[in-house]
Structures are given as structure tokens and as C-alpha cells.
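Student: Got a structure here, written out as C-alpha cells. Questions coming.
The values are calculated or read from the model by the stated rules, or taken from the named source; none is laboratory data. Bear in mind that the values here come from a model prediction, so they are computed numbers and not experimental data. Every residue, glycine among them, receives a Cβ derived from its backbone with ideal geometry; neighbour counts consider all protein chains shown.
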Amino acid sequence: MSSSKPRFSPEEVTVVFLLGGPGSGKGTQSTNLVRDYGFVHLSAGDLLRGEQIREGSEYGQLIKTYITEGKIVPMEITVALLSNAMAEHLAKYPDTVKNGKKARFLIDGFPRKLDQAVFFEDTVCPSQFTLFLDCPEEVMEGRLLKRGETSGRDDDNAESIRKRFRTFVETSMPVVDEFAKQDKVISVSATGTVEEVYIRIQDGFEKRGVKPSA
Ligand code: ADP
Ligand code: C5P
Ligand code: MG
């Protein structure tokens, strides 16, 4: 435990983490959750890809290498991108907090490593819970290869996919296991149609008392 105070207090923001293997449907289900639960969606992968191509970024080449290798980018970079995106949102919509409402952030694809989880919760904001999309590799592989036909992503190819699966099992699953020990995981089977998965997510939220926005 560090003694630093988090940048945002749980009185002004709620943070929900969204985890699951590559291709489990995190981005897809985020669209539903933004629509119905009033979440602000922040994808760690999207923020890293944005930083990778930002002119003048000192991290562009490093990020590209890590993403192609399916490795986890050093956490200081990712946490700073997320924390700044949260601050930008709050600065843009100051009335949310003034009106006694909380900003609800859905942080997709993060934390992918235990050190990121600890560092984020110590310095940015503690999470309320983690939604985990549980999906077999063969299903995720099929979805990613199909996505790769049009995504233009450097990592939607068979070799990168294999490396990303390995990183997920070895490095990211321990984060889910740790939050599960703290009883902070809603785990949902992510096979079947988008609608079927979403119904399971809504059921899981309801059981935890998480309500859709009015
Ligand atoms: P992630 O963000 O977890 O990597 P995505 O949401 O990008 O996953 O989904 C990966 C691919 O699979 C996308 O092309 C998406 O359209 C597709 N997809 C997502 N959920 C399902 C589902 N339940 N059934 C079939 N295809 C899906
Ligand atoms: O979540 P997404 O599939 O978009 O992530 C793509 C890649 O971005 C990951 O395979 C990894 O290389 C990098 N990433 C990371 N740390 C995160 C999220 C993504 O290093 N928390
Ligand atoms: Mg995604």
C-alpha cells in the first residue's frame, strides 16, 4: 500500500473495470453499457493506439512494439492516459459532480497486470467492481481473425493473437483472481450472441444492485 491519495474520490466518480481475453467482446458490450447505464467508456487499448500515432509522442514506437508482441505496456504510460482522460471528461462536464451525480467510468481492458491494479487504485481511484467476460480461446480466436479482416490492427493476426492469449493467461487472469478473492468480480459467460451475453451482464448487475440510468 502506498500512502499517496487517489486523484479522484469515490464521491465524485465510480470506476468499473471490464476484463476478458482478447476478442471476448469487451468493446462490443461497452456500447450497450454506455447506452443503458450512463457509463463513460475508456478503452486502455484505444488510448494506447491513439498515443501510438499521436504526433510528437515519445512512446509511439515503444507502444507499437508492445502491442504487436501482445505484451503489457509499462503501467505508467497507460495509467497516465486513463487518469488524464478521466480528468478531461470531468473538466468538460463539471455539472455532473456539481449536481450531486457521479461520473461512471467503464475502464475497458484494464488492469491487465497486478501492478497496474494496485497503482491505479492507490493513485487514481478505487474500483467498485470488475466485470469479467469469460470466453474460451477457440471462440475468441475465431472472432479476432474475423475482426482482423477489416480492423487494420497490427495485432489481429494469428501470431500476435497467440501471444496475446498467453499474456492474458499468465499476466491478466491473476488480476481477475485477486479481485474475485475480494468478492469484487461479476463473471459472465461470453459465448453466444451479443444479445445473450448482454442479458447475462444485466442479470449480474441487477444481482449486485447496479441499476440502469434513468
Ligand atoms: P474485445 O474488445 O474484448 O477484444 P470486441 O468487442 O472487439 O472484443 O469483439 C471482437 C470481435 O468479435 C468483434 O469483431 C465483434 O464484432 C465480435 N463479437 C463481439 N461479441 C460477439 C458475440 N457475442 N458473438 C459474435 N461475435 C462477437
Ligand atoms: O484491449 P485491447 O485488445 O485493445 O489491447 C490491445 C493491446 O494494448 C494489448 O494486447 C496490449 O499490448 C496493450 N494494452 C496494454 N495494457 C492495457 C491494455 C492494453 O499494454 N491495460
Ligand atoms: Mg477491445
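Student: Out of all the residues in the stretch 1-55, which are among the polar types (S, T, N, Q), free of Cβ contacts under 8 Å to residues at least 40 places away in the same chain, more than 10 Å from ligand 2 (Cβ to nearest atom) and outside any loop (DSSP other than H, G, I, E, B)?
Tutor: Listed by number, the list holds a single entry, Thr31.
Student: Hey, another quick one. Checking the conditions here, which among Val139, Val169 is exposed (fewer than 15 other Cβ atoms within 10 Å of the Cβ), modelled with pLDDT of 95 or more and under 29 Å from Lys184 (Cβ atoms)?
Tutor: Going through Val139, Val169 in turn, just one is exposed (fewer than 15 other Cβ atoms within 10 Å of the Cβ), modelled with pLDDT of 95 or more and under 29 Å from Lys184 (Cβ atoms): Val169.
Student: Here is a further query. Would you confirm whether any residue within the stretch 174-190 is in contact (Cβ under 8 Å) with a residue 40 or more places away in the chain, surrounded by 15 or more Cβ atoms within 10 Å (Cβ to Cβ), within 9 Å of ligand 1 (Cβ to nearest atom) and not in a strand (DSSP E or B)?
Tutor: Within the stretch 174-190, one or more residues are in contact (Cβ under 8 Å) with a residue 40 or more places away in the chain, surrounded by 15 or more Cβ atoms within 10 Å (Cβ to Cβ), within 9 Å of ligand 1 (Cβ to nearest atom) and not in a strand (DSSP E or B).
Student: Tell me which residues, restricted to the stretch 85-133, are without any contact (Cβ under 8 Å) to a residue 24 or more places away in the chain and either outside any helix (DSSP H, G or I) or closer than 12 Å to Ala44 by Cα (or both).
Tutor: Tyr93, Pro94, Asn99, Gly100, Lys101
Student: Additional query: Output the residue which, of all residues in the stretch 29-54 that are basic (Lys, Arg) and surrounded by fewer than 17 Cβ atoms within 10 Å (Cβ to Cβ), is farthest from the chain's Cα centre (by Cα).
Tutor: Arg54
Student: Moving to a separate point now. Out of the residues in the stretch 191-214 meeting the condition of being of a type in the set (D, E, K, R) and part of a helix (DSSP H, G or I), tell me which one is surrounded by the most Cβ atoms within 10 Å (Cβ to Cβ).
Tutor: Residue satisfying both the conditions and the ranking: Arg200.
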